[in-house]
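Read through the structure below, which is laid out as structure tokens, and then see the notes.
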Amino acid sequence: MTQDTLIRKPTKIGRLNNKIALITGGSSGIGAASVRLFAREGATVIFVGRSSDKGIAFEQELRAEGLDVSFLSCDVSNRDDIVRLKQYIIKEYGRLDILFNNAGVLRTGNIEEITEEDWDFVYGVHVKALLYISKEFMPMLKQARGVVLNNTSINGLQCYIKGKRSYMYATSKAAAIQFTRYLAKNYAPEVRVNALCPGMTVTNLFTNRDFSRFDNCNLLGRMADPDEIARTALFLVSDDASFITGAVIVADGGETIM
């Protein structure tokens with residue numbers, strides 16, 4: 001053994017080395033933070049979103065850091081788009097190890113104001129997309145003994161006084177949580193499936209960016225940074241969480257017990 005061998009620093013082992021990961025809604029917010037973090041932890045990350053301009057710009061930014069990422073424009077509520085996405089992943093990578101269903105939208109309104117278009121749009125992104133993506137990708141994930149993480153919300157767990165207009169958002173997130181549990185039951189032990197329920201997080205879902213109104217929304221007295229939720233997601237998709245499936249993990253700064 002040479003002196004060089006003795007003093008050589010060990011190569012960093014990322015928690016997601018050699019993994020192929022797909023993240024939906026990956027161009028902003030929690031999705032973008034997760035794309036960057038997963039890639040820095042060694043994963044090859046495919047991320048999708050509806051805005052081509054935003055997605056391509058983010059892809060270029062991350063590639064400049066030396067990260068292995070690819071962006072595809074995709075409407076997750078459109079079955080044909082999901083089929084094309086699957087075909088691309090099969091052709092380019094041949095497998096899928098991690099699926100993070102993160103795409104989300106926010107529309108609220110009093111019951112008298114909600115239109116059928118609004119309802120279908122929210123449920124399309126939060127629920128129908130889970131069906132389409134699961135039908136297409138679960139066979140690949142089963143073969144890889146992979147992991148699925150569905151980003152839901154604490155709004156799917158209970159009703160909040162401040163969220164009196166959240167009929168569409170809250171009920172669709174509750175449906176996503178139950179969908180997660182059934183996936184976990186039906187695809188164990190080959191595939192781990194969990195739900196992540198963030199609390200109030202600084203993302204572009206909010207049209208009113210005066211986040212100071214949420215300063216006292218939880219026990220920590222602040223909203224979450226997207227990176228904080230991404231780190232929780234990283235844990236759940238990594239081998240560190242190898243014994244966790246069918247779980248609903250809350251990351252809300254204590255908001256649910258206020």
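The values are calculated or read from the model by the stated rules, or taken from the named source; none is laboratory data. Since the model is a prediction, treat every value here as computed from it, not as a measurement. All Cβ positions, glycine included, derive from the backbone under ideal geometry; neighbour counts span all protein chains shown. Just so you know, the surface numbers come from the protein's heavy atoms only, side chains and all, with ligands and any DNA or RNA stripped out. Shrake-Rupley method; radii C 1.70, N 1.55, O 1.52, S 1.80 Å.
Values computed for the structure shown
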quantity	calculated
Cα-projected label distance for ASP80 with ASP210, points at 7 Å along beta-carbon direction, nm	4.4 nm
Length-normalised contact order of the chain in % [C-alpha pairs under 8 Å, at least 6 apart]	18 percent
For the chain: accessible area per residue (Å², 1.4 Å)	52 Å²
Distance violations [Cα-Cα > 23 Å] among LYS91/LYS135; LYS19/LYS142; LYS91/LYS128; LYS135/LYS173; LYS54/LYS164; LYS86/LYS142	LYS91/LYS128; LYS54/LYS164
Angle in degrees between helix 129-144 and the longest Cα principal axis of the chain, rounded to the nearest 10	20 degrees
Quarter of the Cα convex hull surface for the chain, i.e. its orientation-mean projected area (nm²)	16.5 nm²
Percentage relative contact order, the range 90-231, counting C-alpha pairs under 8 Å, at least six apart	26 percent
Sulfur and carbon atoms: percent of accessible area, the chain [1.4 Å]	50 percent
Estimated 222 nm signal from helices in the chain, with DSSP H stretches of n ≥ 4 weighted -39500 (n - 2.57), rounded to 500	-12500 deg cm²/dmol
In degrees, nearest ten, helix 79-92 long axis to first principal axis of the chain (Cα)	10 degrees
